[in-house]
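Notes to accompany the following structure.
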Amino acid sequence: MDKLNFLTAGIPLRAKDYKTGFEALTELNLNGLELEFVHGVRMSDASKEFLKNNKGDFILTAHAPFYINLNSKEEDKVEASIQRIIETADAANNLNGYSITYHAAFYLKEDKKTVFNKLIKRHKKIFEALEGNDIWVRPETTGKETQWGDIDEIIELSKIFPKMLPCVDFSHIHARTAGKYNTYEEFCSIFEKIGNALGDMALNNFHAHIAGIEYTLKGEKKHLNLEQSDFNYKDLLKAFKKFNIKGAIVCESPNIEEDCKLMSDYYNSL
């Protein structure tokens with residue numbers, strides 16, 4: 001990646017399909033969108049054809065379906081989760097996408113090391129199936145302590161697989177820690193940690209999620225618009241600028257394109 005790009009989580013709300021979505025992104029001077037495979041990796045042939053032929057300089061990322069738990073007690077659910085990640089990566093790769101992300105697992109009251117070791121085995125199967133697929137595969141930092149995926153766990157897993165890097169959801173980290181990770185220094189510490197552990201390559205090929213967020217002591221409750229939240233997006237963007245991060249920021253606020261434009265304009269003003 002040669003710069004930091006700003007993407008909406010899905011088609012902009014003012015649009016009705018990918019064609020009008022791309023028109024809206026152009027009008028707003030935004031850089032692309034994240035394909036939201038919420039309930040399954042499904043897309044019409046017409047949409048695939050349009051995206052392939054009209055992607056141009058737009059960046060495409062993809063979010064795998066929410067029904068993923070690589071630590072399920074039921075083997076068929078583990079296999080289905082593996083398959084959904086593979087399908088998402090194949091779909092994104094076929095559209096010349098950049099990166100995919102997913103919520104990898106729940107602890108289900110097991111200790112962290114046990115879950116981590118299971119996730120190594122299960123990701124080996126994923127990467128074996130994706131041989132020849134060049135997409136970045138990224139577990140996302142999660143918003144609750146019951147979910148596998150704090151930043152340290154994802155960094156450690158990324159050290160094992162050459163085509164894996166973290167998807168850093170800064171709002172989730174803020175919610176998971178019940179209000180921490182909301183200052184310039186704390187944001188910088190995340191970039192330092194990733195750079196030290198995974199190298200400049202990780203900072204030059206970044207994938208982030210940002211939104212306003214409501215949370216309790218138990219973690220994430222729901223996404224909010226940035227200005228309705230305590231999330232300190234301005235200092236976060238200053239940290240992005242300081243570290244010269246390149247890659248994609250995906251806005252997941254309810255008003256996706258408005259907050260995406262807000263962040264893009266603020267970042268470009270720095």
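The values are calculated or read from the model by the stated rules, or taken from the named source; none is laboratory data. Since this is a predicted model, take the numbers as computed values, not measurements. Every residue, glycine as well, gets a Cβ built from its backbone with ideal geometry; the counts of neighbours run over all protein chains shown. We work out accessible area using only protein heavy atoms, side chains counted, and drop any ligands, DNA or RNA first. Shrake-Rupley method; radii C 1.70, N 1.55, O 1.52, S 1.80 Å.
Assuming charge only on the beta carbon of Lys and Arg (+1) and of Asp and Glu (-1), the dipole of the chain about its Cα centre is about 400 debye to the nearest 20. Shape summary: region 1-140 maps onto an equivalent ellipsoid whose semi-axes, from the alpha-carbon gyration tensor, are 30, 14, 14 Å in decreasing order. Legend: P(r) of region 38-109 from all alpha carbon pair distances, 10 Å bins from 0, whole percents, reading 20, 46, 23, 10, 1.
Given the peptides 246-254, 214-222, arrange them by the average over their residues of other C-beta atoms within 10 Å, most packed first.
Working: 246-254: 23.6, 214-222: 14.6.
So the peptides 246-254, 214-222, ranked by packing, come out 246-254, 214-222.
Accessible area per residue for region 109-211 is 41 Å², calculated with a 1.4 Å probe on protein heavy atoms, without ligands, DNA or RNA. Could you check how much of the accessible area of region 2-155 is carbon and sulfur, as a whole percent, using a 1.4 Å probe? So the carbon and sulfur contribution to the accessible surface is 49 percent. Distant-in-sequence amide contacts of Leu224, defined by a placed amide H-H separation under 5 Å and a gap of 5 or more residues or a different chain, comprise Gly212, Ile213, Glu214. A straight Cα-to-Cα reach below 15 Å connects Lys180 with the aspartates and glutamates Glu145, Asp150, Asp169, Glu214, Glu220, Asp230, Asp235, residues fewer than 8 places away in its own chain not being considered. Compactness ratio for region 98-193: Cα radius of gyration over 2.2 N^0.38 Å (N = residue count) comes to 1.10.
Beta bridges per DSSP, both residues in the chain: antiparallel share near 20 percent. Using equal-weight Cα scatterers in the Debye expression, the normalised intensity of the chain in log10 at q = 0.14, 0.16 Å⁻¹ is -0.96, -1.30.
Taking 24 Å as the limit for the C-alpha separation, the pairs Lys159/Lys261; Lys48/Lys118; Lys121/Lys163 exceed it in the case of Lys159/Lys261; Lys48/Lys118.
Separation of region 219-267 and region 12-59 by C-alpha centroid, Å? For region 219-267 versus region 12-59, the Cα centre distance is 20 Å.
Solvent-accessible area of region 209-270 (1.4 angstrom probe, protein heavy atoms only): carbon and sulfur portion equals 47 percent.
Rounded to the nearest 500 deg cm²/dmol, what is the calculated helix-only ellipticity per residue at 222 nm for the chain, with -39500 (n - 2.57) per DSSP H run of length n ≥ 4?
-13500 deg cm²/dmol
Within the chain, Cys167, Cys188 have no other Cys Cβ under 4.7 Å of their Cβ and so lack a disulfide-compatible partner by this rule. Taking every protein chain into account, the accessible area of region 1-106 amounts to 47 square angstrom per residue (probe 1.4 Å).
Ranked by the mean number of other Cβ atoms within 10 Å per residue, highest first, peptides 9-15, 44-50, 34-40, 87-93 order as 87-93, 9-15, 34-40, 44-50.
Ranked by the mean number of other Cβ atoms within 10 Å per residue, highest first, peptides 258-264, 189-195 order as 258-264, 189-195.
Spatially, region 146-190 and region 115-142 are offset by 17 Å when compared through their Cα centroids.
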